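Below: one structure, written as structure tokens.
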Amino acid sequence: MPGTALITGITGQDGTYLGQLLLSKGYHVYGLVRGQNNPRLESVARLCPGIEFIEGDLLDHSSLVAAFESCQPTEVYNLGAISFVGLSFKQALLTGEVTGLGVVRMLEAIRTVNPQIRFYQASSSEMFGKVRESPQTELTAFHPRSPYGVAKVYGHYITVNYRESYDMFACSGILFNHESPRRGLEFVTRKITNAAAKIKLGLQKQISLGNLDSQRDWGFAGDYVDAMRLMMAQDQADDFVIATGVTHSVREFCDIAFAHLGLDYRDHVVSDDARFLRPAEVDVLIGDASKARRVLGWEPKVPFAELVTMMVDADLAAQQKAMRNEAAG
Ligand code: NAP
Ligand code: G4F
């Protein structure tokens, strides 16, 4: 029987996919929103009709307690974070506060208001960092390579700790990279598809990137939020790797994105731009989601090339619409 879900990070990529999914299943859905006038609210309301917004910030414990007391959720999905690895190197303390300590603020608020609330933590493959084995499973040791990855390790283990200490239903999805047309422009996939569309339309000539050789296990965000819901519907809380099991380089991503528009990425991509290189890099990630397949019955549906072309097509359509609107005055 669907209950009441509260989602932090509702204005992010995963927030709207999860909100849409839970609304379609009959949940009453609240999105936690920070700030006085969040500019992304309008598009969330359009994508998730019926959603209700509630104020709160992962930096402010009492705002979380007030939010939970007010909407009395049965399930809480903690997707809120400083999620951009590049920014985490520049704002390491803030990342620790939001992405790391924000998790314990959530867990403490749940313990105070109602320890029966089910909790989902958005853990990350970035925790594997300098990988100890390939593919990575739930048992692979962590070696994070960024302040973001370190903060996520804290969030992951504090979730495990509250499960073990207080018998709370607290689970973590260790999600590998997942993308969509709603991905932020700061992430490499969307940066590439957006630039490829603009280059095709003559709006820009080239794009500067960092390391083209790093490899990621990229899936579709719409598939990945379904895994979150399935984890929360289990009898017992547990942790699951969610991944496609296939890895590709940034270079391959560029190749497919530009080729889809009849372009050769080598004519347009400038690589090794120092602005986009990281002090420490995660070279290659590849996940083994066999536990999720076996226990949750989950599997990814959108393959890599389809994901890339879906994003390129969406960016091309958005740019063409913007050009038409501009021409119409
Ligand atoms: P995203 O698009 O960057 O969204 C991040 C969200 O966090 C935004 O809604 C943002 O809201 C919110 N937020 C930031 N600071 C906050 C604060 N102080 N209090 C409350 N909310 C705050 O991230 P995403 O791609 O949807 O990812 C969702 C979660 O999964 C994140 O925790 C991310 O670290 C994790 N994850 C993502 C991936 C992936 O490949 N996408 C993989 C593994 C794990 P504002 O509008 O207020 O800025
Ligand atoms: O798109 P990215 O910034 O994603 P990254 O660092 O893998 O992190 C994402 O996935 C994690 C899961 O593993 C999430 F937890 C995290 O929240 C986020 O969603 O970079 C991907 C790769 C990196 O190796 C980066 O060095 O692309 C490389 N890259 C090369 N040029 C670039 C660029 N990344 C960005 N953002 N911008 C570039 O110009």
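The values are calculated or read from the model by the stated rules, or taken from the named source; none is laboratory data. All values reported here derive from a predicted model rather than from experimental measurement. In this analysis, Cβ positions are derived from the backbone assuming ideal geometry, glycine residues included, and neighbour counts consider all displayed protein chains. What goes into the accessible areas is simple: the full protein's heavy atoms, side chains included, and nothing from ligands, DNA or RNA. Shrake-Rupley method; radii C 1.70, N 1.55, O 1.52, S 1.80 Å.
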Item to check | Residue that is among the acidic types (Asp, Glu), over 17 Å from the mean Cα position of the chain (by Cα) and closer than 25 Å to SER249 by Cβ, where the choices are GLU133, GLU179, GLU164, GLU186 | outcome: GLU133
Item to check | Those residues of segment 182-221 which are open to solvent by less than 20 Å² (accessible area, probe 1.4 Å), farther than 14 Å from VAL308 by Cα and in a helix (DSSP H, G or I), in sequence order | outcome: ILE199
Item to check | Among the candidates ARG34, ARG40, residue that is within 14 Å of ASN78 (Cβ to Cβ), among the basic types (Lys, Arg) and either in the same structural domain as ALA233 (by TED's automatic domain parsing) or touching a strand residue (DSSP E or B) at 6+ places or on another chain (Cβ under 9 Å) (or both) | outcome: ARG34
Checklist entry - Which residues, counting only those in segment 69-90, are within 23 Å of ALA233 (Cβ to Cβ) and more than 14 Å from ligand 1 (Cβ to nearest atom)? => result CYS71, GLN72, PRO73, THR74, GLU75
Next on the checklist: Exactly one condition in (1) outside any helix (DSSP H, G or I); (2) crowded, with 23+ Cβ neighbours inside 10 Å is false for THR99; which is it?
Outcome noted: (1)
Next on the checklist: Tell me yes or no: at least one residue of segment 263-275 is of a type in the set (Lys, Arg), in contact with a Ser or Thr (Cβ under 9 Å, 6 or more places away or on another chain) and open to solvent by 60 Å² or more (accessible area, probe 1.4 Å).
Outcome noted: yes
Next on the checklist: Tell me yes or no: at least one residue of segment 176-198 is of a type outside the set (D, E, K, R) and touching a Cys at 6+ places or on another chain (Cβ under 6 Å).
Outcome noted: yes
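Here's the yes/no breakdown for (1) within 11 Å of ligand 2 (Cβ to nearest atom); (2) in the same structural domain as VAL85 (by TED's automatic domain parsing); (3) under 20 Å from LYS191 (Cβ atoms):
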{"site": "LEU263", "(1), (2), (3)": "no, no, yes"}
{"site": "PHE276", "(1), (2), (3)": "yes, no, yes"}
{"site": "LEU285", "(1), (2), (3)": "yes, no, yes"}
{"site": "GLY297", "(1), (2), (3)": "no, no, no"}
{"site": "ALA314", "(1), (2), (3)": "no, no, yes"}
{"site": "ALA317", "(1), (2), (3)": "no, no, yes"}
Next on the checklist: Being near ligand 2 (Cβ under 9 Å from one of its atoms), touching an Asp or Glu at 6+ places or on another chain (Cβ under 9 Å) and assigned to a helix (DSSP H, G or I) is the filter here; which residues of segment 102-128 pass it?
Outcome noted: SER125
Item to check | Members of segment 118-141 found to be buried (at least 24 other Cβ atoms within 10 Å of the Cβ) and under 21 Å from CYS71 (Cβ atoms), listed by number | outcome: PHE119, TYR120, GLN121, ALA122
Next on the checklist: Let me spell it out: the conditions are (1) over 22 Å from VAL104 (Cβ atoms); (2) touching a His at 6+ places or on another chain (Cβ under 8 Å); (3) within 11 Å of ligand 1 (Cβ to nearest atom), and ASP14 meets all of them except one. Which number is the exception?
Outcome noted: (1)
Checklist entry - Which residues, counting only those in segment 12-64, are under 21 Å from MET231 (Cα atoms) and open to solvent by 80 Å² or more (accessible area, probe 1.4 Å)? => result SER24, LYS25
Item to check | From ILE199, ILE242, ILE256, residue being touching a residue at least 24 places away in the same chain (Cβ under 8 Å) and closer than 28 Å to ILE158 by Cβ | outcome: ILE242
Next on the checklist: Just to be sure I understand, how many residues within segment 66-96 are under 18 Å from the mean Cα position of the chain (by Cα) and not in a helix (DSSP H, G or I)?
Outcome noted: 9
Item to check | Options ASP217, ASP238; residue that is under 21 Å from the mean Cα position of the chain (by Cα), more than 16 Å from ligand 1 (Cβ to nearest atom) and at pLDDT 95 or above | outcome: ASP238
